[in-house]
Each structure stands twice: as structure tokens, then as C-alpha cells.
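See below for the structure under consideration.
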Amino acid sequence: MRETVRIIVTTYFTSGFGTTERELKLDDLPVRGTLPTWLRGTLIRNGPGTFQVGQQRYRHWFDGLAMLHRFAFHNGRVSYANKFLESRAYDAAQANGRISYSEFATDPCRSLFGRVATVFSPKLTDSAKVNIARIAQKYMALAETPIQVEFDPETLKSVGVFSYEPKTFGSMTTVHPHVEGDSAYNMVTRYNAISHYRFYRLKSNAAPELLAERPSREPGYLHSFGMSQNYFVLAEFPLVVNPVSLLLWLRPYIENFAWKPRRGASFSVIERRTGRLAGRFQADPFFAFHHVNAVEQGDELLVDLVGYDDASIIQHYYLQRLADPTIELPWGTLRRYRLPLRKRRGRVQGETLADACMELPRFDYERLNMRPYRYIYAVGVQPGQRQGFYNQLVKVDAASGKSWAWHEPDCFPGEGVFVGAPDRQAEDEGVVLSVVLNAAKGTSFLLALDAQTFSERARAELPHNVLFGYHGEFFSQQ
Ligand SMILES: [Fe+2]
């Protein structure tokens, strides 16, 4: 029995954290089942296309060279293409046959000379592999490094780069901008003796507009932020960095951060209109990658996120650990913090809304961002099969805590992207699209679940494996 587990886990590790060897362009994937006729548009997914350059392996799930995957839906049919994102990091890796730029947890090898060069001008990756967004009419591949790559959604070719600030060294950004109307909002952390969190608005044909900033002596690692109708929500966890260590750069980016639970966690609530601090609330220490939604309700601001008791999840995503068949990932769960806006200060407690393990959360952002909502879709771990990587998709009802799951033997799903039916009456009328790795076959497929019943509607088989990626976006063509 133990051997069986080891073989399956080893297989998922090989095909999920190895390489996607080929760049393909396929007009028609074989589809089993029926896709809804209203599903017209393109799902573009981002993630690593390889965890290896020459003989060198990257060290962490958040490393690697970006690859875009494009699924186009029309009349129940699906076309597919995948392509490495063109970038200096990719070009250098191709030319040198070795890792040449610093990633989340991997630095290039340092010769004595190279080390000096790295200290004063870190070659941060521009291989923007984490998310996809349409910002100010442009399709962007997003990374935490401040260089975002614009690409053509038809050909997947890079067409330019974008940065929030003229100076591209010394800052990081989140890969989860918020979109409202024709504006996008994002937060940049600029590291300095006194660092600053800076909130920007982007509009097409206009320079980024600085709306608010908050100082910090020891800034935190922040992967996303909250935004409600009137406020930005800056949730700071006690995984913090002394900016001097980023300047010295003696170790890869994330390894400069330290977990300091005695600091606790905090929520800063910032007025979007004026940039003023409207409230600051303390909480017991916790960690999160992902905010889900932020909703103003009466005198309260409800902040929903996928929370962990500490930041050990980052350690668990090192490839050396993921290769261990006995690994059990820490469970993130849906938490709600109720911030009492009138009080402006005080302590708040998180409330766990559902027991299900969740990560990479999605909901009907298009209609319900900043509004009351119920349903969240995510990857998770089966309670009865905790060893290994994320092995199911879940749907959680934030109102009741009830959850639904989809899983299949040997299958490891990626982020489930909700696409709502255009004329939907119910919140969950639509499909959830996920790229699933079948570890037994060593290939992936595009799965479409009915979002209401959480059962399979259709799947489109790919002739190769897609590595475990992070985020994607569906762009509708109605
Ligand atoms: Fe993310």
C-alpha cells in the first residue's frame, strides 16, 4: 500500500513539477461531455513551464520560467496553445543553459564577481508567471517583481513591459490588482530605510496615479490586498523583512523574511477617496496569500481571506518537500474578520466560515466583488487523503459553511476559475474551469464543472502535462 502511494506521488511530482516539454497549437481538443453554448471566450492561464534549466533545478513552487496556456471556447469546441513568456530571464536561460535571474526562492549561482554584481543590482526575474489580468485595455502577465509583461492574447507573444514606478529596482507589487470599471488598483511595496505601501490606480492612456501610502519599518510579505467600495484593506502579517537584508541580498528574496508572531497581525483601513487612514485593528498572528472579498455592511467592514495560523505553508512549497510522498500541506481555511469602522481602533478576531481546506480562491468577481456573496471555488485537500498535493476542487458556501467537492483518483486540479452564465439569476449559475493533471497518465485536461451541482459537464484532453500553475483569467467574447 505504501509503495502505491509513493508511486502516485512520485508521478505527480514528476509531471507537475518537472517540465512542459513542448509549445503546442491545437485547433480542436477532443471534448467529452457538453460545454455550454454561451461559453465563448478565452481562458489564459499562467504558471511555470519548467522547474529546470540545463542541469539546474529551481527550489520552490513559486520559481520557474513563465508559460502561458490559452484555451479558446466557441460553439462547444476548445482550441489550445501554450508558449513560454518571452522575457530577459527566459532568453538568458536559453542562451546560458543555466538559471540567470533571481526568483522567489532561487538565486543564480554566484561567482565572487557575480555576488558583488548581485548585491548592488539584483537581477530580479521578469518572467511574470503568477497571474493574468486585463489592465487599462492591455493583457498583462503579472509577477511580484515590479516588471509586468504585456502580451498578445492571440499569439501569446510579449509586446512590452510595464512598471508602476519609473524606478524598477527596490519594490515589489501584488499579483492581484482589483478591477473596477475601467480602472485597476494595485499595491506596491517600496523598500527603503522607512518602506512604504503605495496604492495606485491605473487607467488607459494615463500614468499610474498614487492614491495612498502607508509607512512601515519592517514591511510584510503581502501577496494581495482587500478593496471595498470606499476602502483599501492592508492586512499585514508578521512575516516581515528588514529592508537592509534586501539591499545586501545574501539569500533569495523570500528567505530574507522572518516570522515574528509577537508582532501579531493588523488591518489598516484606508479611504480610497482621500488616502487617509480610517482605522487600524490588531489581530492574533496569522498569514494569508489571498484576500477573497471585502464587503461594507452597516458599520462593519467584512474582510474575507484564506487564512493560516502561521506562514509555514511557504516552507511546504519547496520542491524538496513536495517530492516527499508523506507531506501534508497546512490547511488554509475561509476566515472572516469584522472590522468595526466606527471604533477606528481595537482588536478583532477571525471567524472560520468553513472547515474545508482551500487555496487559490475564486468567486463571481465580475458581479459580486465588494458586494454580499456566498460561493467561493478553490483547490483543496481531501480530508481522507491528506498526503501529497492539492487533490480536489471545492465550492464553499460562506453563509452556511457547507462545501461541495470534485475529485477523481490520481487527479490534481489547478485553480478553478468561475465563469458566470451571461443571463444568470442564481449566483452560482455558470461553470468552473480548471486544468487538472492526471498523474497516472502523465497528461492534463481542461475540466468544466457545473458550478451549481459541482459535477462534471465536460472535459477536453491535452496531449501533454501542464505544470502546477497559479492563476488565470477568462475573457468573455459575447
Ligand atoms: Fe495568488
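Spatial offset of segment 8-61 relative to segment 390-440 amounts to 18 Å, using the alpha carbon center of each. Each of W404, G264, P30 was placed along the dipole of the chain (beta-carbon charges, centred on the mean Cα), and the one lying farthest toward the positive end is G264. Computed from backbone phi with θ = phi - 60° and the Karplus coefficients 6.51, -1.76 and 1.60, the 3J(HN,Hα) list for segment 303-313 is 10, 9, 8, 9, x, 10, 6, 8, 9, 5, 4 Hz; x is used for glycine and proline.
Distance between the C-alpha centres of segment 210-285 and segment 306-363: 16 Å, rounded to the whole angstrom. Dipole magnitude for the chain: computed about the Cα centre from +1 point charges on Lys and Arg Cβ and -1 point charges on Asp and Glu Cβ, it is near 1160 debye. Past 29 Å, Cα to Cα, is the threshold; run K203/K402; K203/K395; K343/K402; K25/K129 against it and keep the listed order. Correct reply: K203/K402; K203/K395; K343/K402.
Short-range pairs are left out: with C-alpha atoms under 8 Å and at least six residues apart, the relative contact order of segment 2-476 is 14 percent. The per residue volume of the convex hull around the alpha-carbon atoms of segment 2-476 is 141 Å³.
Readers should treat all values here as calculations from the given coordinates under stated rules, not as data from a laboratory. All values derive from a computational prediction rather than experimental measurement. Don't worry about glycine lacking a Cβ; one is built from the backbone with ideal geometry, like all the others, and counts go over all protein chains shown.
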